[in-house]
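A.B. asks: Attaching a single structure in structure tokens format; questions to follow.
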Amino acid sequence: MALLNPSIAKLNGKNYSLWSIDMKFLLIERGLWKLVSGKETTPAAKEELGNYEDRCDRALSTIYPNISEEYKRLIKTETCPIKAWENLKSYFEPDDRVRHQMIFNEFLECKPNKSEGFAMFFSKIKDLVDQLKDIQHPMDDDRAGYRTPFLHWFRTL
């Protein structure tokens with residue numbers, strides 16, 4: 001099976017969120033995402049170890065050239081694609097209170113554009129909810145704040 005050679009924008013200081021999604025799908029297409037995400041573990045059998053190491057090399061060689069020069073230093077010495085992915089994530093999405101509050105505020109202030117329909121607006125909300133879940137922000141349905149973006153949308157009708 002011939003692999004496609006899709007082009008994605010290189011990771012820079014402003015596009016990690018989109019880049020990580022694009023890279024995830026590129027790795028899925030190449031059969032490497034389970035390895036990078038840690039869902040596939042190092043095989044115990046020596047016969048399978050060579051293939052696993054080759055796939056690790058392919059994963060790293062897929063990720064590395066798709067990073068801008070100034071950020072390659074973050075993973076240039078890594079030999080494990082899982083650690084490389086985690087290094088990039090921790091650099092561009094640090095787990096701190098400021099980031100949590102920024103995402104939550106973006107969620108609360110999310111308003112629809114005049115030209116976007118409910119499906120696009122809902123997709124934007126779902127993306128923010130997923131980001132909040134990723135950082136283990138409490139997702140209590142009883143909190144009135146979670147209804148705020150939808151109230152903004154209904155006011156535009």
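Every read-out reported here was derived from the displayed coordinates using simple, explicitly stated rules and does not represent laboratory data. Since this is a predicted model, take the numbers as computed values, not measurements. Because the Cβ atoms are built from the backbone with ideal geometry, glycine has one as well, and the counts that use them run over all protein chains shown.
A.B. asks: Pick out, in residue order, every one of the trypsin sites (Lys or Arg not before Pro) in the stretch 16-53 that is DSSP loop and has at most 12 other C-beta atoms within 10 Å; say none if there are none.
C.D. replies: LYS39
A.B. asks: Among residues other than MET102 whose Cβ falls under 12 Å from its Cβ, what is the net charge (Lys/Arg +1, Asp/Glu -1)?
C.D. replies: Net of charged neighbours comes to -2.
A.B. asks: Mind scanning LYS72/LYS111; LYS89/LYS124; LYS46/LYS133; LYS24/LYS126; LYS83/LYS111 and naming the pairs with a C-alpha gap bigger than 28 Å?
C.D. replies: LYS72/LYS111; LYS46/LYS133; LYS83/LYS111
A.B. asks: List residues of the stretch 71-112, by number, whose backbone nitrogen lies under 16 Å from a label position 7 Å along Cα→C-beta of ASP127.
C.D. replies: The answer is 103-112.
A.B. asks: Would you tally the net charge around ASP22, using a Cβ to Cβ cut-off of less than 15 Å, leaving ASP22 out, and scoring K and R as +1, D and E as -1?
C.D. replies: It works out to a net charge of +3.
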